[in-house]
Amino acid sequence: MAVEQVIQREPWEHIKDDDIKKVVASFCGDIWQVPPMFSAIKVGGERMYDKARRGEKVELSPRRVTIFKFDIERSLNDRQNLIFRVICSKGTYIRSLCADFGKALGSHIIFSELDIWTQNFKVIFPSQETQVSGEYSVDDAWDFQELQEQITKEFL
């Protein structure tokens, strides 16, 4: 796997637990969210992820989603890693929620793990040495519905 250039560095050490609690509270309830380019939303009869893979840019309108529950764990030993527990409405994009959460804290967050069964999402504040590795990014990942569609296309 090739290591590529650093694409973004944001400080995270300044973020206190109280800051995180305030931002979490602001994300609970109905919020407006812009879906990611790599989404299954259809625009002009075509899935956005197909347009994104061709490099086309389309500005998507924000959509109202509901965050019913949003809990965060932050270890005393590893301040850089957070675990999100989110219960949300259909149509919520967790990758976008993570990115918006990082922006609200004045930093940047990388979505690193997902467990849909326990509703746990592990994210990290990238360190000064964080690099993009290989040719793939989390933004290129499929959500569960997209994965099911691809499997269905390939095997049925």
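General observations
- Across the range 93-99, coupling constants 3J(HN,Hα) worked out from phi with the 6.51/-1.76/1.60 Karplus curve, θ = phi - 60°, read 9, 5, 4, 5, 4, 4, 5 Hz, and Gly and Pro carry x.
- Relative contact order (%) - criterion: Cα under 8 Å, at least six apart; region: the range 17-68: 46
- Probe 1.4 Å, protein heavy atoms only - accessible area per residue of the range 39-93 in square angstrom: 63
- Nitroxide proxy distance, nm - points 7 Å out along Cα→Cβ at residue 59 and residue 103: 1.3
- Residues with amide H under 5 Å from that of residue 88, placed H, sequence gap 5 or more: 68
- Peptides 93-106, 28-41, 57-70 ranked from most to least packed, by the mean per-residue count of other Cβ atoms within 10 Å: 93-106, 28-41, 57-70.
The values are calculated or read from the model by the stated rules, or taken from the named source; none is laboratory data. Note that the structure is predicted; figures quoted are calculated from it, not measured. With ideal geometry, Cβ positions are generated from the backbone for all residues, glycine too; neighbour counts draw on all protein chains shown. Protein only, heavy atoms only, side chains kept; ligands, DNA and RNA dropped before computing areas. Shrake-Rupley method; radii C 1.70, N 1.55, O 1.52, S 1.80 Å.
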